[in-house]
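Below you'll find the structure, written out as structure tokens, and then a few comments.
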Amino acid sequence: MSNYHIKNLEEYFQIYRKSVRNPEAFWEEIAEEHFQWRRRWDNVLSWDFEKPEVKWFEGAQLNISENCIDRHLYTRANKTAIIFEPNNPDEPAQHISYSQLHAEVNKMANVLKSKGVKKGDRVCIYLPMIPELAYTVLACARIGAIHSVVFAGFSSTALATRINDCDASIVVTSDGSYRGSKSIDLKKIVDQALEECPQVGTVLVAERTKNEVVMTEGRDHWLAPLTEAAIDECPVEIMDAEDPLFILYTSGSTGKPKGMVHSSAGYMVYTAYTFKNVFQYRENDVYWCTADIGWITGHSYILYGPLANGATTVMFEGVPSYPDFGRFWQIVEKHKVNQFYTAPTAIRALAKEDLKFVEQYDLSSLKVLGSVGEPINEEAWHWYNNNIGKKESPIADTWWQTETGGIMITPIPYSTPTKPTFATLPFIGVQPALMDESGQELKGNQVEGRLCIKFPWPSIARTIWGNHERYRDTYFSAFKGMYFTGDGASRDAVGYYRITGRVDDVVIVSGHNLGTAPIEDAINEHQSVAESAIVGFPHDIKGNALFGYVILKDEAHERNQDNLRAEINRLISDKIGPIAKLDKIVFVPGLPKTRSGKIMRRILRKIASNDVSNLGDVSTLLNPDVVDQIRKIVGV
Ligand code: WTA
């Protein structure tokens, strides 16, 4: 039995038990046998969830780009590392071999160095899903710079906030991006953002769409001439195990986004090991994750996890609906994809369309299907299983978070029997706990509570950039000595976990985490808005959508309400991004509040969900009448 590759349920249980009984010995063996180290660790693990502090493989030295690229050159130099599939199906795909990837990443690394980037510097990457994005991420890793990828759908304000939070002095972007039939002026968004970021001295611009751009003299440089002139050899920076590898922002329920910091060694070991097993990856398989590298799923399971295993990973620039709703399946057929990893929101959107978009393609290459980002509802699960997997490819419903770095609860395909809507069992080394509201652990099965993790795993985020206190308060204060996920979950009779959703004010819309408070802050800046409250409500395709209750200032009551709605959504688009726009906006005379002035969101959520059968006792509210007034306006 190899601990590295789990092949059946019995092995899963055996390895799981080993990993929990003696985590240090277990992870030490995995680390030792499957990676390249420049120096061995002195200590496998030290941790304290109260401080909180977690260190894996302390004393070890390595470079993750060397593990993802260089070491494969001996055996896989001509193997395809990345298949780049462009937005437009008529544009040829690019097969980038490990040796080409090596050359491109080294050139990019030299370009970054020539612009003064050093170990520990933050590099903000605001790029579409084009090969330069992969090159830049890996080039940062190579020279020890900390990458902070910002999803290229975020607005200029959101981008500026992220650049300033981590004090990046360089931004890598492109002239534009393609999304289906649209092209977006990315460079213009960067220019706007940089008005608020005086410290940024360098902008590197990849050419993609040939959109017209304004280049600021001295600051902005086209990337291509620089990489063409660069040498394709750049020695790796030797990194300590706990040196930060990247920062990735995720929404919090309050305040500004949290820059989750991931470190080098533990992140590498865990993403590689999970990738191998959750996707049952075999040499020469073609693996495709449809996420964007702007999210954690893309970091861990388009780039680092697959490349650390010497895999072939597909990078898709476009969207599932262009040129038609068969695009995903056309790509599966074209590249003979073996493992396909996507989000429930995409599945729901495609399930709504005619089956002919699926049936015209040969999907027989598929062996494993994955789902991530939000709970997958039963209907979507069956559609995926019947029509894409043809009931033969198991579905791995993978639960995890930006903060966890890698997959935490998931079936092991072909080993763990699947059950619709259940993420099933903890991955190797993961020790979940369900807690009740008084802080007691719920033992045994058939219980429901708040999902916590009791013991560190190698890829847990180490801190929030610049704010360790917030890290402690957010994740380690609700339940003593445990990492609190912010999710609720239940455990069934056989011990399978089902994630029930967020228990805080984060709403997952189309698989994107959105904190409601920052959106409220954005709306409240509108000159006609006095106060607002945003909640999530169930939506057929997006999973959840956003519902805004807005109190207008007196003088605004004369204004056209549709115009106001449009202005509010435009404001949200500008401040956060189009993904955070509200599906419904109602203008209300007040918001239900407790006597201490707290908005009772529970009531607002029920009204938004058209579920008013059990509103609970509203008589203790400061303003009980407002509930009926709101119900009348919403019509429930
Ligand atoms: C939710 C994405 C149910 C959950 C990798 C979590 C899920 C949040 C699942 C993290 C799943 C993710 N079933 N819910 N399989 N996967 N979630 O940080 O609420 O973008 O806390 O990481 O997505 O989202 P994030």
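Does Ile407 satisfy being more than 9 Å from the ligand (Cβ to nearest atom) and of a type in the set (A, V, I, L, M, F, W, C)? Break it down stepwise before answering.
Values: more than 9 Å from the ligand (Cβ to nearest atom): no; of a type in the set (A, V, I, L, M, F, W, C): yes.
In short, no.
Does any residue of segment 187-202 turn out to be part of a strand (DSSP E or B) and more than 24 Å from the chain's Cα centre (by Cα)? It would help to see each step written out before you state the result.
As a first pass, look at segment 187-202 and keep what is part of a strand (DSSP E or B): 202.
If we keep only those that are more than 24 Å from the chain's Cα centre (by Cα) as well, we get 202.
Yes, the conditions are met somewhere in segment 187-202.
Quick one: would you say Asp185 is free of Cβ contacts under 8 Å to residues at least 40 places away in the same chain, surrounded by 14 or more Cβ atoms within 10 Å (Cβ to Cβ) and closer than 21 Å to Lys115 by Cα? Taking the combined requirement at face value, the residue does not satisfy it.
Being open to solvent by 10 Å² or more (accessible area, probe 1.4 Å) and either within 14 Å of the ligand (Cβ to nearest atom) or small (Gly, Ala, Ser) (or both) is the filter here, so list the residues in segment 373-400 that pass it.
Step one: filter segment 373-400 for residues open to solvent by 10 Å² or more (accessible area, probe 1.4 Å), giving 373-375, 377-379, 381-383, 385-387, 390-392, 394, 397, 399-400.
Residues satisfying the conditions are Gly373, Glu374, Pro375, Asn377, Glu378, Trp381, Asp397, Trp399, Trp400.
Annotation note: Cβ proximity below 6 Å between a residue of segment 482-501 that is in contact (Cβ under 8 Å) with a residue 12 or more places away in the chain and farther than 27 Å from Tyr471 by Cβ and a residue that is within 11 Å of the ligand (Cβ to nearest atom) and not hydroxyl-bearing (Ser, Thr, Tyr) (sequence gap 6+ or interchain) occurs for Ser490/Arg498; Tyr496/Phe422; Arg498/Phe422.
Of the residues making up segment 392-404, none is in a loop (DSSP other than H, G, I, E, B) and touching a helix residue (DSSP H, G or I) at 6+ places or on another chain (Cβ under 6 Å).
Among the residues that make up segment 567-584, is at least one of them open to solvent by 70 Å² or more (accessible area, probe 1.4 Å) and of a type in the set (S, T, N, Q)? No, that holds for no residue.
When the residues of segment 335-352 are filtered to those that are under 22 Å from Pro86 (Cβ atoms) and part of a loop (DSSP other than H, G, I, E, B), the one that is least open to solvent (accessible area, probe 1.4 Å) is Val337.
For segment 203-213, give me the residue count where each residue is in contact (Cβ under 8 Å) with a residue 60 or more places away in the chain and assigned to a loop (DSSP other than H, G, I, E, B).
So the count comes out to 1.
Taking residues in segment 514-526 that are in the same structural domain as Ile568 (by TED's automatic domain parsing), and partners anywhere that are among the charged types (D, E, K, R), the pairs with Cβ atoms closer than 6 Å and at least 6 places apart or on different chains are Thr516/Asp505; Ala522/Lys575. Residue count for segment 353-373 under the criterion of being part of a strand (DSSP E or B) and of a type in the set (A, V, I, L, M): the result is 3. Just to be sure before I move on: is Gly429 more than 28 Å from Glu333 (Cα to Cα), touching a Ser or Thr at 6+ places or on another chain (Cβ under 6 Å) and among the small types (Gly, Ala, Ser) in the structure I sent? Answer is yes for this residue. Candidates are the residues of segment 339-372 that are more than 24 Å from Ser415 (Cα to Cα) and basic (Lys, Arg); the one that is nearest to the ligand (Cβ to nearest atom) is Arg348. Within segment 480-526, the set of residues being open to solvent by less than 30 Å² (accessible area, probe 1.4 Å), within 16 Å of the ligand (Cβ to nearest atom) and in a helix (DSSP H, G or I) comprises Thr516 only.
Give the residue, chosen from Trp27, Trp37, that is of a type in the set (Phe, Trp, Tyr) and within 22 Å of Gly481 (Cα to Cα). It would help to see each step written out before you state the result.
Numbers: Trp37 fails: within 22 Å of Gly481 (Cα to Cα).
Only one candidate passes the filter, namely Trp27.
State whether the residues of segment 309-316 include one that is within 16 Å of the ligand (Cβ to nearest atom), among the polar types (S, T, N, Q) and open to solvent by less than 20 Å² (accessible area, probe 1.4 Å). No; the residues of segment 309-316 include none that is within 16 Å of the ligand (Cβ to nearest atom), among the polar types (S, T, N, Q) and open to solvent by less than 20 Å² (accessible area, probe 1.4 Å). For segment 113-123, residues that are out of contact with any Leu (no Cβ under 8 Å at 6 or more places or on another chain) and not in a loop (DSSP other than H, G, I, E, B) total 2.
Working carefully through the options Arg142, Arg122, find the one that is more than 15 Å from the chain's Cα centre (by Cα), in contact (Cβ under 8 Å) with a residue 60 or more places away in the chain and buried (at least 24 other Cβ atoms within 10 Å of the Cβ). Outline the logic, then answer.
On the way: Arg122 fails: buried (at least 24 other Cβ atoms within 10 Å of the Cβ).
So the residue among Arg142, Arg122 that is more than 15 Å from the chain's Cα centre (by Cα), in contact (Cβ under 8 Å) with a residue 60 or more places away in the chain and buried (at least 24 other Cβ atoms within 10 Å of the Cβ) is Arg142.
Once segment 536-562 is narrowed to residues that are among the aliphatic types (A, V, I, L, M) and within 21 Å of the chain's Cα centre (by Cα), the residue that is most open to solvent (accessible area, probe 1.4 Å) is Ile541. Would you be able to tell me the number of residues in segment 61-110 that are of a type in the set (Val, Ile, Thr), touching a helix residue (DSSP H, G or I) at 6+ places or on another chain (Cβ under 7 Å) and part of a strand (DSSP E or B)? Adding up the residues that qualify gives 3. Being over 22 Å from Thr161 (Cβ atoms), surrounded by 13 or more Cβ atoms within 10 Å (Cβ to Cβ), modelled with pLDDT of 90 or more and of a type outside the set (D, E, K, R) is the requirement here; does Val529 meet it? For Val529, the condition - over 22 Å from Thr161 (Cβ atoms), surrounded by 13 or more Cβ atoms within 10 Å (Cβ to Cβ), modelled with pLDDT of 90 or more and of a type outside the set (D, E, K, R) - is not met.
Taking the conditions exactly as written (assigned to a loop (DSSP other than H, G, I, E, B) and within 29 Å of Thr463 (Cβ to Cβ)), does Ile407 satisfy them or not? For Ile407, the condition - assigned to a loop (DSSP other than H, G, I, E, B) and within 29 Å of Thr463 (Cβ to Cβ) - is met. With the requirement that a residue be in a helix (DSSP H, G or I), among the β-branched types (Val, Ile, Thr) and open to solvent by less than 20 Å² (accessible area, probe 1.4 Å), what does segment 1-51 give you? Residues satisfying the conditions are Ile15, Ile30.
The values are calculated or read from the model by the stated rules, or taken from the named source; none is laboratory data. Remember, predicted model here, so these are calculated numbers, not experimental data. Glycine also receives a Cβ, built like all others from the backbone with ideal geometry; neighbour counts cover every protein chain displayed. Surface accessibility is based on the protein's heavy atoms, side chains included, excluding ligands, DNA and RNA. Shrake-Rupley method; radii C 1.70, N 1.55, O 1.52, S 1.80 Å.
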